[in-house]
Amino acid sequence: MLTWLSDDEDFPAVCKALRDPDGLLAAGGVLSPARLVDAYSRGIFPWYNPGDPILWWSPDPRMVLFPQELVVQRSLAKVLRKRHYEIRVDTVFAEVIAGCSKPRAGQSGTWISAEMIAAYTRLHQMGVAHSIETWIDGRLAGGLYGIALGRAFYGESMFTLVPDASKIAFVHLVRQLQRWDFGVIDCQMNTPHLARFGAREIPRADFLAQLNNLINLPAVLTPWRFDHDLIE
């Protein structure tokens, strides 16, 4: 049975998440900063359509990318070596999340509602949510945003206005997280796009065991700054 949360009610144990749909754990509650940080620290994330109740998920298995297992396809490596771009971090978070909220080709809507944008913008102001941005010719060409707790990163969404721009940002993020000794990047759901970068599914129990350690490690100090030699 699905748990309906009041605003201050604790999450149920993730082992109570439904099998169909996979990982649906609870509904309701609020998107306050404290609620979101608590959710991510437990391997739970919100995902729902605008106008619907907030839905909280913890799928099993979990799609993750271990930074040291990053795979860069030869064609993308060639693009990266052109260095025709600039990587910036946390300079235009609002523009990045707005870009991610626009419907993709063939889609009629988006799950990143105004409510979600406001909630993650608050987390960004707290130094918890970050945007990684690809700039080309002085313009934002694409990027991604996500959450960092301790030495775990939770990828949320990406967008691109120029071919490969979001992939460029993603590779720089993963390489930088390697240097910062991040242990895992949560990709949430299995997609062929992420699998091409080396992401794979692991049991939820293994993911949670990793989180219990990683989220308690010292956080990287803000503001985030990326190294300039991440691409050989």
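Just a few scattered comments:
- Elements of type strands (runs of 3 or more DSSP E) contained in segment 1-72, each with 1 or more residues being among the β-branched types (Val, Ile, Thr) and over 18 Å from the mean Cα position of the chain (by Cα): 3-5
- Which numbered condition Tyr145 fails, given (1) at pLDDT 95 or above; (2) surrounded by fewer than 21 Cβ atoms within 10 Å (Cβ to Cβ): (2)
- When Thr134 is tested against (1) of a type in the set (Val, Ile, Thr); (2) surrounded by fewer than 22 Cβ atoms within 10 Å (Cβ to Cβ); (3) closer than 29 Å to Gln210 by Cβ, exactly one condition is not met: (2).
Rundown of residues vs (1) polar (S, T, N, Q); (2) assigned to a helix (DSSP H, G or I); (3) in contact with a strand residue (DSSP E or B) (Cβ under 7 Å, 6 or more places away or on another chain), yes/no style:
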position: Phe153; (1), (2), (3): no, no, yes
position: Lys167; (1), (2), (3): no, yes, no
position: Phe170; (1), (2), (3): no, yes, yes
position: Gln176; (1), (2), (3): yes, yes, no
position: Phe182; (1), (2), (3): no, no, yes
position: Asp186; (1), (2), (3): no, no, yes
position: Asn190; (1), (2), (3): yes, no, yes
position: His193; (1), (2), (3): no, yes, no
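- Restricting segment 207-232 to residues that are without any contact (Cβ under 8 Å) to a residue 12 or more places away in the chain and closer than 19 Å to Leu149 by Cβ leaves a set whose member that is surrounded by the fewest Cβ atoms within 10 Å (Cβ to Cβ) is Leu221.
- Residue pairs whose Cβ atoms lie under 6 Å apart, sitting 6 or more positions apart in sequence or on different chains, and linking a residue in segment 131-160 that is farther than 13 Å from Trp224 by Cα and among the hydrophobic types (A, V, I, L, M, F, W, C) to a partner that is crowded, with 19+ Cβ neighbours inside 10 Å and at pLDDT below 95, do not occur here.
- Which listed residue is of a type in the set (Lys, Arg) and either open to solvent by less than 50 Å² (accessible area, probe 1.4 Å) or at pLDDT 95 or above (or both), from Lys78, Lys82: Lys78
- Residue check for Arg88: of a type outside the set (Val, Ile, Thr), open to solvent by 40 Å² or more (accessible area, probe 1.4 Å) and in a strand (DSSP E or B): yes
- Complete set of residues in segment 54-75 that are open to solvent by 60 Å² or more (accessible area, probe 1.4 Å) and either at pLDDT below 95 or in contact with a Cys (Cβ under 6 Å, 6 or more places away or on another chain) (or both): none
- If you go through segment 19-45 and keep only what is closer than 18 Å to Gln210 by Cα, open to solvent by 10 Å² or more (accessible area, probe 1.4 Å) and of a type outside the set (Ser, Thr, Tyr), you end up with Val37, Asp38, Arg42.
- Subset tally (residues that are surrounded by fewer than 22 Cβ atoms within 10 Å (Cβ to Cβ) and in contact (Cβ under 8 Å) with a residue 60 or more places away in the chain) for segment 161-170: 2
- Residues satisfying the criterion are absent from segment 91-113 (criterion: open to solvent by 30 Å² or more (accessible area, probe 1.4 Å), touching a residue at least 40 places away in the same chain (Cβ under 8 Å), on the phi > 0 side of the Ramachandran plot and not in a helix (DSSP H, G or I)).
The values are calculated or read from the model by the stated rules, or taken from the named source; none is laboratory data. The structure displayed is predicted, hence computed values, not measured ones. All Cβ positions, glycine included, derive from the backbone under ideal geometry; neighbour counts span all protein chains shown. Calculation scope for accessible area: heavy atoms of the full protein, side chains included, ligands and nucleic acids excluded. Shrake-Rupley method; radii C 1.70, N 1.55, O 1.52, S 1.80 Å.
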